[in-house]
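What follows is a short report on a single structure.
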Amino acid sequence: MAKITIIAINGSPRKNGKTAELLKKFLVLLKRKGAKTTFLNLSDYKINHCLGCYSKSPSACKFPCVQKDDMQKIYPLLLASDVIILGSPIYWFNMSGLMKNFIDRLTCLATSGYLLENKVGLSLAVSSENEGGRVSASLSMASALNHLGLLIPPYGILYFPGREKLNQKGKVIWDNWLTNEMPKISNNLIKLCQFLKKAKFQW
Ligand SMILES: Cc1cc2nc3c(=O)[nH]c(=O)nc-3n(C[C@H](O)[C@H](O)[C@H](O)COP(=O)(O)O)c2cc1C
C-alpha cells in the first residue's frame, strides 16, 4: 500500500515554540505508523496577502494564484499530501495572521475544482497562556479546511491546553488530553486515509 503523506504547517513565527513542539510530536507518532511526514514553518516562506480577485468574480481566482511568491512552492506539497495539519498559536482569540494569510491564499484551490478534496484535515490551536480563544481559533482553521473539501475526523479540531479539571484538593489543573489522545488519533488517521484512498468519494 502507498505511504500516507502528511504535512504539518506551523503558523507561529516562533520556530521552536509550543505550536511547533506539539505538531512535531504528532508527526513523530505518524511517522512511526509508516507515514511520510513533512514539517513546514510558514515564517520561512514569503507569502503575500491575498489580492481578493475572487471578490471581483469567483472565476477571476484561478489555480495557480497569479502571485509568484513562495505559495508556488507550498501548493505542490499540499496537493501531494493525504493529511494537512494546520497548527497556529492563538493570537487575539483566533489564529495568527501568518496562518490566516496562508489560508486566504488557498482560495484558488477551491475555485479551480476543490483540488484538496478527499484529503483529511486537522486543526490545532495553541496557547501556553490560555487567555481565551482556543476553540474559536481551532474551529476557524477547521472550517476553512472543511470548506476546501477536506474531511475533519472525530477529535480533529484540537487545542492546547486541554480541558480543565479539579484535582483531589479542588484546585484547577489541566487535563492534557491532547498529548494523551495523540497516539489514538494518529492510528485512526492512517486507517482513515487508507479507507479514503480506496473509497474514491465524489462530493
Ligand atoms: C499577538 C499575540 C496575541 C495573543 N493572543 C492570545 C489570545 O487571544 N489567547 C491566548 O490564550 N493566548 C494569546 N497569546 C499567547 C500565545 O497564544 C501563546 O504564547 C502561544 O503559546 C504561542 O505559541 P508559540 O509558542 O507556538 O509561538 C497571544 C500572543 C501574541 C504574541
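Close amide H partners of ILE173, meaning residues 5 or more places away or on another chain with modelled amide H under 5 Å apart, are LYS165, LEU166, ASN167. Using a simple spin-label model with pseudo-atoms 7 Å out from Cα toward Cβ, SER143 and LYS198 lie 3.6 nm apart. Taking Cβ atoms as reference points and 12 Å as the exclusive limit, the residues near SER81 contribute a net charge of +2, counting Lys and Arg as +1 and Asp and Glu as -1. Modelled label positions at LYS3 and ASN176, each set 7 Å beyond Cα in the direction of Cβ, lie 2.9 nm from each other.
Please tell me which of these pairs span more than 31 angstrom C-alpha to C-alpha: LYS25/LYS165; LYS46/LYS184; LYS24/LYS200; LYS24/LYS46? If you can, show how the numbers build up before the last one.
Details: LYS25/LYS165 24 Å; LYS46/LYS184 35 Å; LYS24/LYS200 29 Å; LYS24/LYS46 22 Å.
Those over the limit are LYS46/LYS184.
Give me the number: length gained by fully extending GLU129 to LYS184, i.e. 0.36 nm times residue separation minus the C-alpha to C-alpha distance, one decimal in nm. Before the final figure, lay out each step's value.
Details: separation 55, 0.36 × 55 = 19.80 nm, distance 2.63 nm.
Answer, rounded to one decimal: 17.2 nm.
Where only DSSP H runs of four or more residues are counted, the chain gives -11500 deg cm²/dmol as its mean residue ellipticity at 222 nm, each run worth -39500 (n - 2.57). One chain, two ends: VAL66 and GLU117. Fully extended at 0.36 nm per residue, the span grows by 16.2 nm beyond their Cα-Cα distance. Measuring between their Cα centroids, segment 1-78 and segment 85-110 lie 10 Å from each other. Full extension of the chain between LYS56 and TRP92 yields a length gain of 10.0 nm, computed as 0.36 nm times the residue separation minus the alpha carbon distance.
Throughout, read-outs are computed from the coordinates displayed, never taken from laboratory work. Remember, predicted model here, so these are calculated numbers, not experimental data. FYI the Cβ positions are ideal-geometry reconstructions off the backbone, even for glycines, and counts take in every protein chain you see.
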